[in-house]
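The values are calculated or read from the model by the stated rules, or taken from the named source; none is laboratory data. Being a predicted model, the structure only gives us computed values, none of them experimental. Cβ coordinates were reconstructed from backbone atoms using ideal geometry, including for glycine residues, and neighbour counts include every protein chain displayed. Accessible surface is based on the protein model in full, side chains and every heavy atom, while ligands, DNA and RNA are left aside. Shrake-Rupley method; radii C 1.70, N 1.55, O 1.52, S 1.80 Å.
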Amino acid sequence: MRNGGAGMEKALSNQEDLGGDRGMTDDIFDESYCEKEGPKPAKRYVWRNIVLMSLLHLGGLYGLWLIPAAKPVTLAWGFLCFLLSALGVTAGAHRLWSHRSYKAGLPLRIFLAIANSMAFQNDIYEWARDHRVHHKFSETDADPHNATRGFFFSHVGWLLVRKHPDVIEKGRKLDLADLKADKVVMFQRRFYKLSVVAMCFLFPTIVPWCFWGESLRNSFFLPAILRYVVVLNASWLVNSAAHMFGNRPYDRNINPRENRWVTFGALGEGFHNYHHTFPYDYSTSEFGWHYNFTTAFIDLMCLLGLASDRKKVSKETILARKIRTGDGSHKSG
Ligand code: ST9
Ligand code: ZN
Ligand code: ZN
């Protein structure tokens, strides 16, 4: 399933080149882990999550039906809320806090934490912990959304059942000192529920209702509920579709793929074969701003002096890796 020892060695040496000052290496695949022999533990459904997730998606469908009745400015506001909450996940929880692929000063970290609460995908600490364990033990029992358990499980099913014990066991061994030392991360974790009510539901609803007289029903079901459902599904598609459909130009031995549809919906996060091969690259792709709004955002933040130290893999390393372990598709693309 995975690249051989030579590939891993090379990946680790890239990591040393680039990541010496990242303060963490727990997002690199661990080849030494073996799934336990014997029958798998039975699925334990979490009915509260099943009911709430179903109601949320019904609310999202109702939001879709309301679109023609909404004012255009409400739809534009919904799109802005989509961008903000998506950046809280892509530029925040993912590229900054899970992978430490660039550095952000206090003002940007505060902005990203607020935007992250708007996305309501678990607090940053929990998200980054689950995500590191996903990279380190990808497609095994210790991967929270193990894509070998099927599309539905990796998309949303994993949030509806108790975790496999190996996820928790391996997750407890991760080094999360950098997250614990980040006051913004720990503050958001402490006040997470309150911040979600305020940012995911109240703020998106109140603005259209107060500022341009949109109905309370449209204000709630479009920029709050439908927008939340869209951000969730765009993110989940990275775990499901981008682990199943697409080319593998960088490493044919791993499941994650380059999926342009996912990339488009997830602001640049669908270059997933590249990302699992080089998880420390701040751009999650070799193509700069192409289909990658998150990279453009981080570059703008650097230009403004709010971020720095972007980690980037060299063109030579990428080409050597494509030739050594890729599926050959880069030649046609
Ligand atoms: C959501 C997350 O949607 C989405 C993530 C998407 C990720 C995408 C990644 C792709 C790349 C990036 C692309 C971004 C694209 C964005 C595009 C935007 C347009 N290690 O959790 P519990 C411990 S969330 C170590 O209850 P259960 C834990 O600390 C949506 N320890 O497990 C606790 O210990 P203690 C909203 C761990 O009981 C104990 O275990 N949320 C780990 O199995 C129990 O923890 C939801 O829908 C770990 N990894 O329950 C559901 N994990 O007791 C929220 C756990 O000592 N979650 N522990 O404190 C839940 O309800 C539950 O977690 C559960 C599992 C039911 C899923
Ligand atoms: Zn992945
Ligand atoms: Zn990642």
Subject >> Neighbours by Cβ (under 7 Å, 6+ apart or cross-chain): first from the range 167-188, among the aliphatic types (A, V, I, L, M); second outside any helix (DSSP H, G or I) and within 16 Å of ligand 3 (Cβ to nearest atom) >> reply: VAL167/ALA142; VAL167/PRO144; LEU174/ASP26
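From the residues in the range 162-175 that are open to solvent by 20 Å² or more (accessible area, probe 1.4 Å) and not in a loop (DSSP other than H, G, I, E, B), which one is nearest to ligand 3 (Cβ to nearest atom)? Show your work before the answer.
Kept after step one, since they are open to solvent by 20 Å² or more (accessible area, probe 1.4 Å), are these residues of the range 162-175: 162-165, 168-170, 172-173, 175.
Add one more test, that the residue is not in a loop (DSSP other than H, G, I, E, B), and what stays is 165, 168-170.
Numbers: PRO165: 23, ILE168: 20, GLU169: 21, LYS170: 16 Å.
Out of the qualifying residues, it is LYS170.
Of the residues that make up the range 125-132, is at least one among the hydrophobic types (A, V, I, L, M, F, W, C) and either modelled with pLDDT under 95 or within 16 Å of ligand 3 (Cβ to nearest atom) (or both)? Give the derivation first.
Of the residues in the range 125-132, the ones among the hydrophobic types (A, V, I, L, M, F, W, C) are 127-128.
Within this subset, residues satisfying the condition of being either modelled with pLDDT under 95 or within 16 Å of ligand 3 (Cβ to nearest atom) (or both) are 127-128.
Yes, there is a match, as at least one residue in the range 125-132 is among the hydrophobic types (A, V, I, L, M, F, W, C) and either modelled with pLDDT under 95 or within 16 Å of ligand 3 (Cβ to nearest atom) (or both).
May I ask you to verify whether ASN233 is assigned to a helix (DSSP H, G or I), of a type outside the set (Gly, Ala, Ser), surrounded by fewer than 17 Cβ atoms within 10 Å (Cβ to Cβ) and out of contact with any Asp or Glu (no Cβ under 9 Å at 6 or more places or on another chain)? Write out each step before concluding.
Details: assigned to a helix (DSSP H, G or I): yes; of a type outside the set (Gly, Ala, Ser): yes; surrounded by fewer than 17 Cβ atoms within 10 Å (Cβ to Cβ): yes; out of contact with any Asp or Glu (no Cβ under 9 Å at 6 or more places or on another chain): yes.
When the stated conditions are applied, ASN233 passes them.
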Original post:
Somewhere in the range 55-75, is a residue under 21 Å from the mean Cα position of the chain (by Cα), open to solvent by 10 Å² or more (accessible area, probe 1.4 Å) and of a type in the set (A, V, I, L, M, F, W, C)?
Top reply: yes
**OP:** Name the residue, out of SER195, SER117, SER138, that is modelled with pLDDT of 95 or more and within 16 Å of ligand 3 (Cβ to nearest atom).
**Re:** SER138
Original post:
What are the residues in the range 287-305 that are surrounded by fewer than 17 Cβ atoms within 10 Å (Cβ to Cβ) and among the aliphatic types (A, V, I, L, M), if any?
Top reply: ALA296, LEU300, LEU303, LEU304
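Regarding LYS136, is this residue in contact with a Leu (Cβ under 8 Å, 6 or more places away or on another chain) and open to solvent by 20 Å² or more (accessible area, probe 1.4 Å)? Even if it seems obvious, please write down each step before you answer.
Values: in contact with a Leu (Cβ under 8 Å, 6 or more places away or on another chain): yes; open to solvent by 20 Å² or more (accessible area, probe 1.4 Å): yes.
For LYS136, the condition - in contact with a Leu (Cβ under 8 Å, 6 or more places away or on another chain) and open to solvent by 20 Å² or more (accessible area, probe 1.4 Å) - is met.
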Subject >> For ALA266: the one exception among (1) surrounded by fewer than 20 Cβ atoms within 10 Å (Cβ to Cβ); (2) within 15 Å of ligand 3 (Cβ to nearest atom) >> reply: (1)
Original post:
Taking the range 255-281, which residues are part of a loop (DSSP other than H, G, I, E, B), away from ligand 2 (no atom under 12 Å from the Cβ) and over 12 Å from the mean Cα position of the chain (by Cα)?
Top reply: PHE278, TYR280, ASP281
Subject >> Tally, over the range 191-212, of residues that are open to solvent by 50 Å² or more (accessible area, probe 1.4 Å) and more than 14 Å from ligand 1 (Cβ to nearest atom) >> reply: 9
Subject >> Meets criteria (assigned to a helix (DSSP H, G or I) and of a type in the set (D, E, K, R)) for ARG252 >> reply: no
**OP:** For LEU108, indicate whether it is part of a helix (DSSP H, G or I) and either touching a residue at least 40 places away in the same chain (Cβ under 8 Å) or over 25 Å from PHE211 (Cα atoms) (or both).
**Re:** yes
**OP:** Could you grab me the full set of residues in the range 142-154 that are within 20 Å of ALA128 (Cβ to Cβ) and either near ligand 1 (Cβ under 10 Å from one of its atoms) or touching a residue at least 40 places away in the same chain (Cβ under 8 Å) (or both)?
**Re:** ALA142, ASP143, PRO144, HIS145, ALA147, SER154
Original post:
Quick one: ALA142 ticks every box in (1) aliphatic (A, V, I, L, M); (2) within 16 Å of ligand 2 (Cβ to nearest atom); (3) in a helix (DSSP H, G or I) bar one, so which box is it?
Top reply: (3)
**OP:** Could you check, for the range 43-54, whether at least one of its residues is modelled with pLDDT of 95 or more, open to solvent by less than 80 Å² (accessible area, probe 1.4 Å) and assigned to a loop (DSSP other than H, G, I, E, B)?
**Re:** yes
Original post:
Would you call THR284 among the β-branched types (Val, Ile, Thr), more than 16 Å from ligand 2 (Cβ to nearest atom), within 25 Å of ASP26 (Cβ to Cβ) and buried (at least 19 other Cβ atoms within 10 Å of the Cβ)?
Top reply: no
Original post:
What do you reckon, is SER308 in contact (Cβ under 8 Å) with a residue 40 or more places away in the chain and either closer than 21 Å to HIS131 by Cα or more than 16 Å from ligand 1 (Cβ to nearest atom) (or both)?
Top reply: yes
